[in-house]
Amino acid sequence: MEKKFFIVDLQNQIGKELEDLFQIKDMQIRSSKDGQSYLEILLADITGSQTARAFENVDEIKVKIERGRVHRIKLQVYQFSDQLGIKVLDVYKVEEYNLRDFVPSSSVDSERLEGELRSIIKKVENPDLKLLLKRIFIDDNELRKKFLLAPAAKMNHHDYSGGLAEHTLQIARVSEMISKMYVIIDRDLLVAGALLHDIGKVFELEYTPDIEYTDEGKLLGHLIIGYELVSKKIHELEFMGKFPEELRMKILHMVLSHHGEQQYGSPVKPMFLEAQILHFLDNLDAKAYMFKKAYDLRSQNNARWSEYSKPLGRSIYLGEPEDTE
């Protein structure tokens, strides 16, 4: 079902009955002055949120609702005391919807991200690494689609749909550039590590459409999930021909060590040059995004310093306030 009406549009639909897709952020059971129970339901989409109420068939509607999920909702829009009123008439569960209707998304569309991903893989010259990357990102259609939609984190950096692909491709781009500056670097190994280092986040995080950790993500974390995924794909390739053992160990080591230190989740520290550079580039891109986020807020508060950033462990100097006159 294609979404036609957004929260921001409802003010122009007073007096009408509509049926459309909305996320139900929350639901509470309330009692009116005469003791009748009703539901207070918080509806949301990418444009905002709006409180709605269900006064009839309360018990039937209540059991259909899953907090945080998108539902197809039949509703009536009305005006009450100069305020917008939303009456929920019925609720239906849905499985398929356009994620961009409900959550912040990359400014770069999926087709462009996919095109760049394919272009980078095409330039990899090592036949074993190229075959591995194709096996994961090209041959596995379902995995590629999830990768292009996934966020890079629940919060802090690239925490939006397409964020994982943006973060990954940025690191791959810089990997290509830095390999030209230091001839000692194995360019293909560094690029492959860049593309694969966060692949476990595809299964660590999910959209409900809010970003949440999966059970697997909470129990294992994306480093272990990524290690197992890449290891499984290499094992599949071994049935087609021998995959070099040292290359297998290096790629898996890069997945496990890219956080750099055991205190940050890596079971091992980077133990060769490409693994160390990957850790630096991963940290660089995440931190650069956090600084950018602080700079973007300057237009809202026009301050010289940002508020304290917990992930960065400091406030950010923004410069002299802009002249608003």
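Just checking, does region 118-129 include any residue being out of contact with any Gly (no Cβ under 9 Å at 6 or more places or on another chain) and either modelled with pLDDT under 95 or more than 29 Å from Lys242 (Cα to Cα) (or both)?
No, because not a single residue in region 118-129 is out of contact with any Gly (no Cβ under 9 Å at 6 or more places or on another chain) and either modelled with pLDDT under 95 or more than 29 Å from Lys242 (Cα to Cα) (or both).
Among the candidates Ile14, Ile29, Ile46, single out the residue that is over 33 Å from the mean Cα position of the chain (by Cα), among the aliphatic types (A, V, I, L, M), modelled with pLDDT under 95 and not assigned by TED's automatic domain parsing to the domain that holds Phe147.
Ile14
For Tyr227, state whether it is in a helix (DSSP H, G or I) and under 19 Å from the mean Cα position of the chain (by Cα).
The answer is no for Tyr227.
Could you look through region 274-293, keep only residues that are at pLDDT below 90 and not aliphatic (A, V, I, L, M), and pick out the one that is nearest to Pro151 (Cα to Cα)?
The extreme case among them is Tyr289.
How do the helices (runs of 4 or more DSSP H) wholly within region 121-202 filter down when requiring 3 or more residues that are touching a residue at least 60 places away in the same chain (Cβ under 8 Å) and on the phi < 0 side of the Ramachandran plot: which remain?
127-137, 163-181, 187-196
Restricting the first residue to region 237-254 and requiring it to be at pLDDT below 95, which pairs with a second residue that is in a loop (DSSP other than H, G, I, E, B) and of a type in the set (A, V, I, L, M, F, W, C) meet a Cβ separation below 6 Å and a spacing of at least six or different chains?
Filtered contacts from region 237-254: Leu237/Phe243.
Only one of these conditions is not met by Lys62: (1) surrounded by fewer than 14 Cβ atoms within 10 Å (Cβ to Cβ); (2) more than 21 Å from Phe80 (Cβ to Cβ); (3) not β-branched (Val, Ile, Thr). Which number is it?
Every listed condition holds for Lys62 apart from (1).
Name, by its number, the condition in (1) of a type in the set (A, V, I, L, M); (2) in a strand (DSSP E or B); (3) at pLDDT below 95 that does not hold for Leu21.
Failed condition: (3).
Restricting to region 204-224, name every residue that is part of a helix (DSSP H, G or I) and under 11 Å from the mean Cα position of the chain (by Cα).
Within region 204-224, Glu204 is the sole residue that qualifies.
The values are calculated or read from the model by the stated rules, or taken from the named source; none is laboratory data. Computed from a predicted model, the values in this text were never measured in an experiment. With ideal geometry, Cβ positions are generated from the backbone for all residues, glycine too; neighbour counts draw on all protein chains shown.
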